[in-house]
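Laboratory data are not the source of any read-out in this text; all were calculated from the coordinates shown. Here the structure is a predicted model, which means the values were calculated and not measured. Here the Cβ positions follow ideal geometry from the backbone for every residue, glycine too, while neighbour counts run over all protein chains shown.
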Amino acid sequence: MTATEELLSAPPEGTYAIDPARSSVTVLTRLGGVIRAPGTFTVLSGTIEVTGPAAVAVHVVLDAASFKTKSAARDRHSTSAEFLDAGRYPKITYAAAAASPGAPGASVDGFLTVREITAPVPLAIQSAELLDGELLLTALATVDRYAFGVTRGKGLVARQLPVTIKVAARRTNSGSTAVVNYDSHSIDQYARRWVFPMGPGEPEASRTRRVAGDGTVSIAAVPFTTGVDAVFDHAKYFAVSRDSFPMPRNGSLQFSADIAAATPGTEPGRVIHGTYTGAPDGARPYAQPTLEGQQAAVMLNMSNTETGQLFDWFVSGSSVFALIERLPSNVANPALPASDPEYVGLNRAYTQIVKSGPAGPGETHNYAIRYTRDAAQSSVEYLLDGSCSPASITSGSRSTPRARPTPAPTPATTARPERSSRTAWTRSRSATGSITCSTPSRSSTPPHPNWPSRSRSRSACSARAPRAGSPTSR
């Protein structure tokens, strides 16, 4: 057995941080079927987590605009809208969760995402070496560029592209922390990092969105003038991070943001009237008092779009609350068949406020959501200014009827979500929930998925997030 075979058959367990400066991705294409034109991408970040011979989680991010050959003109053309469209899709990602070790050419089964299109691309490991805690790997792959919508240059540029990956990754110490600063320092950078699935919303209508050089993003809408009726209630502004963040099998993933909010126009005890449209016995009138944060709020959301699990902070002018919810699969992941063990019907969906408490209008606080799991269990913690049970947050839950209540949360601001084998999470800014990290605004609408969401609000929201947020994995 060769050294590579021996290492791959029993790889040392642990988490390895990829060294971008000593790692490379080289793509070879042929022009006109004759001229060889190799090009390289810059590796931005990456991790390799080994928990067993076949349990290898890989997450790598490449800079799409970094593609370099020996021709500046060719580089500009390759990164233009005709090919990689790097201005619109600045990141290329690769994620894998399984390996077939042992023999030469052991494979890693993973998925490549280019231009927000994802397709399977297996890696064939050619060599592997472990020296003083550093993992050195060489792997080969073939990418069908047509699978990612890169179809220009037919007959002139090869369709099947051989790729060589060389990785240097150092094993991290147990309990180490990797921090990703997701601040934006210009409006262009902000647009590259966030996508707006519900349209431009209030910032476009009011022209008030500002991105400062220190990373502060501010938006004002007084009163609300727009909205999108959806499962996320009457959203005024909803931004989702273009990046997903891998969840360690044993460890934590944390999103945080400094948020200040003012919500003029909200009414204490305001009652929302509507009609249940999906009740078994037919339509029934509905009336429910609403909290300030249900009328207008800035939200920090952590969500898994595959499982529908969401963890939310709602921040309004004089109060804050932490929320845990599970969306039904026909909303969160319509492609998931009802026969899948992880399918969530209305009998498993829920929404519950875990903690609530007072806050001062315009006060800046750090809000964080930390999700932790190991082989036996998982939990979520809601942190205010770094504390899991701050004095300003008082116990008291108020559940909204989503078929069944959430399991009872554990003490303080820790709740137990349902476990899932899925590992990729996203962040967003929104005024009404999904796993993402952002600052959106929201108006009052009934919380049941079948309630009409046509209610109109004169409430308003102005938000300031002096540091859009820092997701942390540990």
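Quick look at the numbers
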item: FRET efficiency, E13 to V195 (Cβ-Cβ, R0 45 Å, nearest 0.05); result: 0.80
item: Ordering of 235-248, 87-100 by packing [mean C-beta count within 10 Å, highest first]; result: 235-248, 87-100
item: Distance between modelled label sites at L140 and T364, nm, 7 Å Cα→Cβ extension; result: 5.4 nm
item: Length gained when the stretch E6-D109 is fully extended (0.36 nm per residue, less Cα-Cα span); result: 35.1 nm
item: R36-R76 pseudo-label distance in nm [points 7 Å out on the Cα-to-Cβ vector]; result: 2.8 nm
item: Cβ charges +1 (Lys, Arg) and -1 (Asp, Glu), total dipole of region 3-171, debye; result: 1040 debye
item: Sequence of T225, T15 once ranked by neighbouring C-beta atoms within 10 Å, starting from the fewest; result: T225, T15
item: Total charge dipole magnitude, region 258-315, about the Cα centre, Cβ charges on Lys, Arg, Asp, Glu only, Debye to nearest 20; result: 220 debye
item: Peptide ranges 197-203, 336-342, 64-70 listed from the most packed, as the mean C-beta count within 10 angstrom indicates; result: 197-203, 64-70, 336-342
item: Calculated FRET value between T172 and A147, using beta carbons and R₀ = 41 Å, to 0.05; result: 0.80
item: At most 12 other Cβ within 10 Å, DSSP loop - GluC sites (Glu not before Pro), region 68-160; result: E82
item: Global form of region 80-220, assessed from the alpha-carbon gyration tensor, a/c cut-off 1.5; result: oblate
item: Loop-located GluC sites (Glu not before Pro) in region 254-335 whose Cβ has at most 10 other Cβ within 10 Å (DSSP); result: none
item: Chain lengthening between E204 and I187 when straightened (0.36 nm per residue, less Cα-Cα); result: 4.8 nm
item: Taking region 3-171 and dividing mean pair separation by its residue count, relative contact order in percent (alpha carbons under 8 Å, at least six apart); result: 26 percent
item: Distance between region 266-318 and region 186-218 - C-alpha centres, whole angstrom; result: 25 Å
item: Computed lengthening from Q160 to T26, 0.36 nm per intervening residue step minus Cα-Cα distance; result: 46.9 nm
item: Cα gyration tensor category, rounded, prolate or oblate, for region 3-171 with a/c compared to 1.5; result: prolate
